[in-house]
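The values are calculated or read from the model by the stated rules, or taken from the named source; none is laboratory data. A quick note: this is a predicted structure, and the numbers were derived from the prediction, not measured. Neighbour counts are summed over all protein chains in view; Cβ atoms, including those assigned to glycine, are modelled from backbone coordinates with ideal geometry. Keep in mind that these areas ignore ligands, DNA and RNA; they rest on the heavy atoms of the full protein, side chains included. Shrake-Rupley method; radii C 1.70, N 1.55, O 1.52, S 1.80 Å.
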Amino acid sequence: METTSPLSAHQTPYKKGFVASLMEAASFRSSSFEEDTYIVSNLKPSEAKALQDLKSKLTDPKSMWGVPLLGNDERADVILLKFLRARDFKVPDALSMLQKCLTWRADFGADAIVEEDLGFKELEGVVAYMHSYDREGHPVCYNAYGVFKDKEMYERIFGDDEKLKKFLRWRVQVLERGINVLHFKPGGVNSIIQVTDLKDMPKRELRVASNQILSLFQDNYPEMVARKVFINVPWYFSMLYSMFSPFLTQRTKSKFVISREGNVAETLYKFIKPENVPVQYGGLSRPGDLDNGSPKPASEFTVKGGEKVNLEIDGIEAGATITWDLVVGGWELDYSAEFVPSASGSYTIAIEKQRRIGAAEEPIHNSFTTKEGGKMVLSIDNTGSRRKKVAAYRYFVRKPSVCEAI
């Protein structure tokens, strides 16, 4: 990858507004959170003693997430430490929480819920869904409730108590699917990442459902979320936050990362590789991509304000087909693609004429079959903006077969 920066526009200092400063401060606080390794030898003496005390009080040979809680299974230590951590290693409180959770799981039928057909096909992949992994291997769960601004949709899903109970059951099912791929192993991947999209979320209408989900998850899934990333956070977030803040522990709040509208890709790229971020959030992952195995890695780069970047892909043979994916977080810049033949006297081919890419557009996905050797040049022109933007691209070159070359 080669980049050229012909312009370096003078930038005036940007004054942060109150809301921007508030959100930045919230993001800063969240960075203090450190995920537990669940390695017993790393515990403080008081924490190790609490674990042994809790184990000594267990008499009923029950299991949780397929892990027997009695015995010397190190996976059980991981689960018990989650309950202890959630209750500040106070053994009586952790034991009470664990017992209530076991009772709830039995009554709710949580162990078999993954296999149930709850009839929410229209919500799958839209409202709550597991999608790929973050940079550290945590499964990622996306939540987006903007569809419920449609009153008909809202009534169909939340119209009465029975419908709400069914939705909560479905939401637990989604979470259980993510938990099923966790390691429950010291030093392993023992929690998920949650990304919650607040765009168009009808805060007032979803107050009851939101509070019940938060309460249910916090009571029965302690330390199952390593980080909570809020994206497309609107200006009224402080009011929304005050609404559900009383239902959260201080440790839960420390896991928050808050990203205002327009910073979605920049925020998600910090935790998730672009090839694993859904296209609607500035990534390269399209529905169905993961069905074919791990995605091809993408190269990440930044486009500074006032800068034009040229990505040059050299050494393309005659008859080869090159396919490329390109995305810039927040777009609002100009893009073009051309093929430059190696032979002198040949003409440059404009594959995609320069055009403006809007903020909501999905990644570029295109291909071109060459008739002669040369290079591909993808141009990203951000000279009209002062804002730095994150970006990613990848390409595949299929060389011509022997028959095609003859």
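Within the bounds of the range 223-238, is there any residue that is in a helix (DSSP H, G or I) and open to solvent by less than 50 Å² (accessible area, probe 1.4 Å)? Yes, some residue in the range 223-238 is in a helix (DSSP H, G or I) and open to solvent by less than 50 Å² (accessible area, probe 1.4 Å).
Apart from one condition, residue 318 fits all of (1) in contact (Cβ under 8 Å) with a residue 60 or more places away in the chain; (2) of a type outside the set (Lys, Arg); (3) in a strand (DSSP E or B); the exception is (3). If the condition is being closer than 23 Å to residue 186 by Cα and touching a Gly at 6+ places or on another chain (Cβ under 9 Å), then the range 78-129 contributes 78, 111.
For the range 346-368, taking the residues that are of a type in the set (Ser, Thr, Tyr) and exposed (fewer than 14 other Cβ atoms within 10 Å of the Cβ), the one that is nearest to residue 320 (Cα to Cα) is identified as 367.
Can you name the condition, by its number, that residue 81 falls short on among (1) over 27 Å from the mean Cα position of the chain (by Cα); (2) open to solvent by less than 80 Å² (accessible area, probe 1.4 Å); (3) modelled with pLDDT of 55 or more? The failed condition is (1).
Would a scan of the range 199-216 turn up a residue that is at pLDDT below 90, crowded, with 19+ Cβ neighbours inside 10 Å, over 17 Å from residue 83 (Cα atoms) and under 21 Å from the mean Cα position of the chain (by Cα)? Yes, because at least one residue in the range 199-216 is at pLDDT below 90, crowded, with 19+ Cβ neighbours inside 10 Å, over 17 Å from residue 83 (Cα atoms) and under 21 Å from the mean Cα position of the chain (by Cα). Could you check, for the range 154-165, whether at least one of its residues is assigned to a helix (DSSP H, G or I), open to solvent by 40 Å² or more (accessible area, probe 1.4 Å), modelled with pLDDT of 95 or more and not polar (S, T, N, Q)? No: the range 154-165 contains no residue that is assigned to a helix (DSSP H, G or I), open to solvent by 40 Å² or more (accessible area, probe 1.4 Å), modelled with pLDDT of 95 or more and not polar (S, T, N, Q). Of the residues making up the range 84-116, those that are under 27 Å from the mean Cα position of the chain (by Cα) and acidic (Asp, Glu) number 3. When residue 289 is tested against (1) surrounded by fewer than 19 Cβ atoms within 10 Å (Cβ to Cβ); (2) under 23 Å from residue 146 (Cα atoms); (3) not aliphatic (A, V, I, L, M), just one condition goes unmet, and that condition is (2). Annotation: of all residues in the range 46-78 being among the hydrophobic types (A, V, I, L, M, F, W, C), within 34 Å of the chain's Cα centre (by Cα) and assigned to a loop (DSSP other than H, G, I, E, B), the one that is nearest to residue 180 (Cα to Cα) is 65.
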